[in-house]
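The values are calculated or read from the model by the stated rules, or taken from the named source; none is laboratory data. Because the structure is predicted, anything quoted here is derived from the model rather than measured. Using ideal geometry, Cβ is built from the backbone for each residue, glycine included, and neighbour counts are taken over all protein chains shown.
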Amino acid sequence: MKKDPRRLSFIIVPHGDLETRTYEISYRVLKGLLVGGFCLLAMFVVMASTWWFLAAQAARVGGLEAEVVRLEEERARVVALARDLAEAEQQYARVRQLLGVDGGNAGSEVALPPLRSGDGPMTPAPAQANWPTAWPLATPGFITQGREVDGESAHTGLDIAVSTDSYIRAAGAGVVLEAGEDPVYGNFILIDHGDGLESMYGHASRLFVAPGDRVERAELIALSGSTGRSTAPHLHFEIRVDGEPVDPLAYVIQPN
């Protein structure tokens, strides 16, 4: 390959009596220098870009560390909630066993408090064993408002004051029609006892049954609370005949 004969001359003329100097450089060498300079510039740009990327990533380290700490705290809370839920499920299983729900005597009357027999509230005959006549709480509680049908203060059932997380039990055997949340009654359960009879339990803090579940008389179904339109912990208890509320005290046997 024929070499390029062209050359480039640089003349340096100093001030004063100094001798003028002339320097020559071939085009081939000049091209090599330009290529080398371009390569160095490209390397500098790449290095600068890499440094900028690494600096940006390093700036995120603090935020990522804080996020890791937050996630670890969330994980610890989830583990604690899972442990509490497991303990609650174990307690519920023990309560169901004590009430005889999981054993061979599922229909036995073992829930607290003991019920009063005698005149007054209706006592179901053998053919009416599902009627809601059991007191709907495991504690006596205190009736703060009864059923009222007249005036502006009309009330469809009983309000029974009781401490939060007291045991709510089914007043009679039946099938759960509804179990969920209502703007007025909060967490509630509606049970169908047959013969047109239904019982409703409102303002619960926690529900243990779901629609379609079969429940036995005196079975634990929920914990009392103050959900929905409520100012203090209590149970709102209704009995309905063919969809119409009736006086629960005509059916339930109150504790002594």
Handout entry: Every residue from the range 156-189 that is under 22 Å from Arg229 (Cβ atoms) and in a loop (DSSP other than H, G, I, E, B)
Key = Thr156, Gly157, Val162, Ser163, Thr164, Asp165, Ser166, Pro183, Val184, Tyr185
Problem - Selected residue [modelled with pLDDT under 75 and not assigned by TED's automatic domain parsing to the domain that holds Glu244] from Arg96, Arg77, Arg83, Arg70 - result: Arg96
Exercise for the section: Determine which single condition Gly196 fails, assuming it passes every other condition in (1) among the small types (Gly, Ala, Ser); (2) closer than 20 Å to Ala134 by Cα; (3) touching a His at 6+ places or on another chain (Cβ under 6 Å). Expected result: (3)
Problem - All positions within the range 166-193 that are closer than 19 Å to Ala134 by Cβ and surrounded by fewer than 19 Cβ atoms within 10 Å (Cβ to Cβ) - result: Val175, Leu177, Asp192
Practice task
Give the range 214-245 a look and list any residue that's of a type in the set (A, V, I, L, M, F, W, C) and surrounded by fewer than 17 Cβ atoms within 10 Å (Cβ to Cβ), or say none.
Solution key: Ala232, Val241
Practice task
Determine if the range 204-215 includes at least one residue that is within 25 Å of the chain's Cα centre (by Cα), assigned by TED's automatic domain parsing to the domain that holds Ala138 and either within 19 Å of Glu244 (Cβ to Cβ) or basic (Lys, Arg) (or both).
Solution key: yes
Exercise for the section: Report yes if some residue within the range 180-203 is in the same structural domain as Thr133 (by TED's automatic domain parsing), out of contact with any Pro (no Cβ under 9 Å at 6 or more places or on another chain), closer than 20 Å to Thr139 by Cβ and among the β-branched types (Val, Ile, Thr); otherwise report no. Expected result: yes
